[in-house]
Amino acid sequence: MKIQHQGISTQVCPCGYYNHPEKECVCGAGVVQKYLNRVSGPLLDRIDIHLEVTPVPFSELTAERTAEQSSDVRSRVMGARKIQEERYADSKGIYCNAQMSSKLLRSVCKISPEGVQLLKTAMERLGLSARAYDRILKVSRTIADLAASNEILNEHLAEAIQYRSLDREGWAG
Ligand SMILES: [Zn+2]
């Protein structure tokens, strides 16, 4: 398993096989947690998206793919960027969701009462830390922008919640 940060990825254990689908991690008990603790805290606070990535078998890499065209993804990203540019037109020095302050976040990332409940339940069940809360709101705003949705819907929140795997209590513990 690896942690990715803006294209940079790192192993989460010394042998590199933690959570590998076929190979056995040979790191002793507590080693993974200790290793992970080195990247946790202040560093994790700055990372919006934690995604668990397990190795893909060669057979799957070479299989026929029906993946989305890059050009389609590009136009969706451009659209989201445009929405964000307009949103922050009056906020000096801010061009995208990633840059918004926590004060701005409160006004920009409004969610429905059901959304609040969903987030509350997720935080309790997954044992998410307080720092995850703002990150989830911010990322869900971007997911909504990518879907050209004015409102942050529950499905956007749910997707953003999945991207905080390293904030979960007991992860690798
Ligand atoms: Zn290992």
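Looking only at region 107-131, residues that are closer than 30 Å to Asp90 by Cβ, among the hydrophobic types (A, V, I, L, M, F, W, C) and either assigned to a loop (DSSP other than H, G, I, E, B) or assigned by TED's automatic domain parsing to the domain that holds Asp48 (or both) come to 1 in all. In region 67-82, the residues that are touching a residue at least 60 places away in the same chain (Cβ under 8 Å) reach residues that are assigned to a loop (DSSP other than H, G, I, E, B) with C-beta atoms within less than 8 angstrom, at least six apart or across chains, in these pairs: Gly79/Ala148; Ala80/Ala148.
Taking each residue of region 42-64 that is under 21 Å from Cys96 (Cβ atoms) and looking for partners that are among the aliphatic types (A, V, I, L, M) and at pLDDT 75 or above with beta-carbon atoms closer than 8 Å, six or more apart or interchain, yields Asp48/Ala98; Asp48/Val139; Ile49/Val139.
Might you let me know whether region 82-97 holds any residue that is crowded, with 17+ Cβ neighbours inside 10 Å and under 19 Å from Ile47 (Cβ atoms)? Yes, region 82-97 has at least one match. Against the test of being surrounded by 17 or more Cβ atoms within 10 Å (Cβ to Cβ) and modelled with pLDDT of 95 or more, the options Arg141, Arg164 yield a single qualifying residue, Arg141. Looking across region 35-87, just one residue is at pLDDT below 95, more than 30 Å from Lys23 (Cβ to Cβ) and aliphatic (A, V, I, L, M), and that is Val73.
The values are calculated or read from the model by the stated rules, or taken from the named source; none is laboratory data. Note that the structure is predicted; figures quoted are calculated from it, not measured. Here the Cβ is made from the backbone with ideal geometry for all residues, glycine too, and neighbour counts use every protein chain on show.
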